[in-house]
Amino acid sequence: MTAAAIGADAPRRVVGGSIRRSRRWALITSYFFLILFAIFFLVPPYYQLATATKTSEQISNQDTNPWLPAMSAGQEGLNPGGANAGKANLAKIKKDSWLPAAVQGFMANISQLMNDTDFPIYFRNTAIVTVCVVIITMVIAVPAAFSLGRMKFWGSGVLATGVFLTYLVPDSLLFIPLFKVVGGLGLLDSYWGLVLVYPTLTVPFCTWIMIGYFQSIPKELDEAALIDGANHIQMLFRIFIPVALPGLIAATIFAFTVSWAAFVYPMAFIYSSDQLVLTAGTITSLVKADVYQWGMIMTAALLAAAPPLVIYAFLMDYYIAGLTAGATKG
Amino acid sequence: MANVALRKVVKKYDRTEAVRGIDLDIADKEFIVLVGPSGCGKSTTLRMIAGLEEVTDGEILIGGDLVNDVPPKDRDIAMVFQNYALYPHMTVYENMSFGLRLKKFPKAEIKSRVDHAAGILGITELLERRPRQLSGGQRQRVAMGRAIVRNPRVFLFDEPLSNLDAKLRVQMRTEIKKVHQTVKTTTVYVTHDQIEAMTLADRVVVMNAGTIEQLGTPHDLYHTPRTKFVAGFIGSPAMNFVNCKLVEAAGGGLSTRLGNGLTFKVPPDRTQRYKSHVGRELLFGLRPEHITEPRGDLRPDCQEFDVTLDVVEPMGMETMVYFMVEDTEVCGRVNPASAGAPGQPMRLVAELGNMHLIDPQTEAVI
Ligand SMILES: Nc1ncnc2c1ncn2[C@@H]1O[C@H](COP(=O)(O)OP(=O)(O)O)[C@@H](O)[C@H]1O
Ligand SMILES: [Mg+2]
């Protein structure tokens, strides 16, 4: 409502005003919407964090505000399913009572997650799958994009469009036929099956990003390299990959995010807990029948989100540069 | 270093015929400029010499070897592009040495060659910079440096100065000429700017619509153009063309009747050449610099005439005066001191020794 009011107000005030005033209004309006969106997007993670500080008993307590983090230390052993090792740790943390209750609760949840569940195995499996998928994706997508984007051959244009179209097929449609394929290869219930199928999602999109990026490089650059005596492999590795590094990083982040956060495939293909990955594993092990261990689920989700967050923070500038370059030329 | 020869070279793209059978012999150490309007096939010709475009028909020889099917890297040529095409992620040193490094030259040899080229071009202080830290003129120098260090048999330039501002263009033009005088490599240079062509070339190739219109020294092209196209393309401001009728003069000899009652006597030494065209409607061509104010005694090949000035454009060193002959605007170049005002009559002198007559059907200079 307020937004609309300001939007309607601004032009009327600008009519008689100076350029400086209209710029000030533009600034105020943009800040207003930026803050609005920031709140909108930060509320879910905040709620997650608040919940992650509590025990299941505290969460189900109707007397406390669910929007606030834990105010008092939870009682040990109240998390159902907590094994003895976890309890011992819990007790140790409780002794460091100088810490705020919320931090204590959060650390207790982490400790229990690490010691009493298969969360560390999921984390390791996810890391293995993701690293492999990123490597496979790049090894396929970069040369594919180079040949589709830079070498004109019969059908290269149609192929480039086709690559993008395959990306548009949703994975919820693909997982049934892929189940057959993975099963036929004997890779069901193994995270290596995921390493095999995730590239069906990542390769087309990454190829598409890289095609756009490679095409934005002036053609004189490869002609100069050609005259300088470079063959196509040298051209790719010594000219195109370094020049298109921002695009390459954008594609890497994309492949990383997709395979880190994929849900449908692991849910469908994996059922042993030593093979599960973070997304499906957290849900299957922390939701037993209709018992939701919300505190630990939220903690697990936060920990699972940490690696992508760290990577984004470091590579954000490259990511944006790469995406926009691909967008304008793709 | 080597000579380059093109034999009936044709280049067809899907529908368009960009180059239509070009014959050209370029001598060793020669500086050849391909000049012509945009789209006439200059770049295509150059790129075929470089090996970046396949030849549809005909032969290209470098140093006597047929190179039609030789890839660019084995032709031993170097090319400078309009947008420089420097590798953005490499320093100037790395840019210049890239080709040598690919060919696995010894490090010391690479260094001495780069230092030598950088010395010639005055970019020794820039070797550690990256292209984005350089000005347009410096990038241009690096692009030339990259060509020089390879010590190729042929230099190819495709409009290397057209991204520079006017002042820098003149400066770099001189620089390119100096470099050629130092390294003496056979050079093929493409430009659409006829002044660049005239100042740089040993010989100029004027191209039009995929064919060679005329090949000659700058002096030849200026004084004895063979077609209307060349006559109009070379020289700035462009040659004036006025419709005329060639008639027998009263006192013997020939004269051209231009309209507005303006009649110019044809110099006697041209009578023989033009005699067979008497009575025809032709095009009379005369450059602005050959229409001047009266200067001292009238030479025998000059003729005075009176006009009413239309437009007067002072240029500083000289003044351009424009007047109408029938419905054609004609330009003359006069001394600023003697230029009249617009709307005023002025007496001018036509240096008819420099006139041309053009057959309007074939557009050939008679
Ligand atoms: N890759 C191409 N595909 C199709 N036509 C082309 C191609 N390159 C050039 N042409 C055409 O060939 C003609 C000559 O082009 P070019 O040699 O670049 O002219 P310029 O003299 O301006 O350098 C033009 O009509 C141009 O449209
Ligand atoms: Mg061109």
**Fill in**
Per residue, accessible area of the range A:119-328 with a 1.4 Å probe, heavy atoms of protein chains only, in Å², comes to 45
**Item:** Accessible area, probe 1.4 Å, largest first, for residues A:Ser285, B:Ser338, B:Ser97
**Value:** B:Ser338, A:Ser285, B:Ser97
**Request:** Give the residue from B:Val149, B:Met355, B:Pro225 lying farthest towards the positive end of the charge dipole for the protein assembly as shown; charges sit on Cβ (+1 for Lys and Arg, -1 for Asp and Glu) and the dipole is referred to the Cα centre.
**Result:** B:Val149
**Message:** Given a Förster distance of 45 Å, report the FRET efficiency between B:Ser338 and B:Gln133 from their Cβ-Cβ distance, rounded to the nearest 0.05.
**Reply:** 0.30
**Accessible surface of the protein assembly as shown, 1.4 Å probe, proportion on carbon and sulfur as whole %** = 60
**Prompt:** Any idea of the accessible area per residue across the range B:4-226, 1.4 Å probe, to the nearest Å²?
**Reply:** 43
**Message:** Can you tell me the mean projection area, over all orientations, of the convex hull of the protein assembly as shown's alpha carbons? Units nm², please.
**Reply:** 49.1
**Message:** What whole-number volume per residue, in cubic angstrom, does the convex hull of the C-alpha atoms of chain B give?
**Reply:** 173
**Fill in**
Going residue by residue through the range B:147-160, the Karplus relation 6.51 cos²θ - 1.76 cosθ + 1.60 with θ = phi - 60° gives ³J(HN,Hα) values, rounded to whole Hz and with x marking Gly or Pro, of 6, 5, 4, 6, 6, x, 6, 9, 9, 10, 10, 10, 6, x
**Message:** So for each of A:291-297, A:180-186 I average, over its residues, the number of other beta carbons within 10 Å; can you give me the resulting order with the highest mean first?
**Reply:** A:291-297, A:180-186
**Asked** Which of the aspartates and glutamates could a cross-linker bridge to A:Lys219, judged by Cα under 15 Å and excluding same-chain residues fewer than eight apart?
**Response** A:Asp228, B:Glu53, B:Asp158
**Item:** Solvent-accessible area buried by A and B, counting both chains, probe 1.4 angstrom, square angstrom
**Value:** 1700
**Karplus-derived HN-Hα couplings along the range B:49-57 (A = 6.51, B = -1.76, C = 1.60, θ = phi - 60°), whole Hz, x at Gly and Pro** = 5, 6, x, 7, 10, 6, 7, 6, 7
**Item:** Around B:Val33: net Lys/Arg minus Asp/Glu count, Cβ-Cβ under 12 Å
**Value:** -2
**Radius of gyration and maximum dimension Dmax of the range B:277-366, Cα, Å** = 14.1, 42
**Asked** Quick one: helix B:92-102 against the long Cα principal axis of chain B, what's the angle to the nearest 10°, folded into 0 to 90?
**Response** 70
**Using alpha-carbon coordinates, inclination of helix B:107-121 to the longest axis of chain B, degrees** = 20
**Fill in**
Heavy-atom accessible area with a 1.4 angstrom probe orders A:Trp154, A:Trp208, A:Trp192, most exposed first, as A:Trp154, A:Trp192, A:Trp208
**Request:** Go through the range A:206-233 and flag every residue whose accessible area shrinks by 30 Å² or more with all protein chains in place compared to the isolated chain (probe 1.4 Å).
**Result:** A:Glu220, A:Leu221, A:Glu223, A:Ala224, A:Leu226, A:Ile227, A:Asp228, A:Gly229
**Asked** On average, how many beta carbons from a partner chain sit within 10 Å of the beta carbon of a residue in B:86-98?
**Response** 3
**Prompt:** At a probe radius of 1.4 Å, what is the per-residue accessible area of A:Asp171, in Å² to the nearest 10?
**Reply:** 50
**Prompt:** Summing +1 for each Lys or Arg and -1 for each Asp or Glu, what net charge is found among the other residues whose Cβ lies under 14 Å from the Cβ of B:Val67?
**Reply:** -2
**Fill in**
Computed D for the range A:119-328, Stokes-Einstein, Kirkwood radius over alpha-carbon pairs, 20 °C, 1.002 mPa s, to the nearest µm² per second, is 116
**Request:** Give me the accessible area of A:Tyr271, 1.4 Å probe, in Å² rounded to the nearest 10.
**Result:** 140
**Request:** Might you work out the accessible area of B:Thr174 for me, using a 1.4 Å probe with all protein chains in place, and round it to the nearest 10 Å²?
**Result:** 80
**Request:** With a/c under 1.5 counting as rounded, go ahead and sort the range B:129-278 into rounded, prolate or oblate using the C-alpha gyration tensor (a ≥ b ≥ c being the square roots of the eigenvalues; past the cut-off, prolate if a/b is larger than b/c, else oblate).
**Result:** prolate
**Prompt:** When N counts the residues of the range B:5-66, how does its alpha-carbon radius of gyration compare numerically with 2.2 N^0.38 Å, as a ratio?
**Reply:** 1.08
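The values are calculated or read from the model by the stated rules, or taken from the named source; none is laboratory data. Here the structure is a predicted model, which means the values were calculated and not measured. Every residue, glycine among them, receives a Cβ derived from its backbone with ideal geometry; neighbour counts consider all protein chains shown. Ligands, DNA and RNA are stripped out before the accessible areas are found, and what is left, the full protein with its side chains, is counted by its heavy atoms. Shrake-Rupley method; radii C 1.70, N 1.55, O 1.52, S 1.80 Å.
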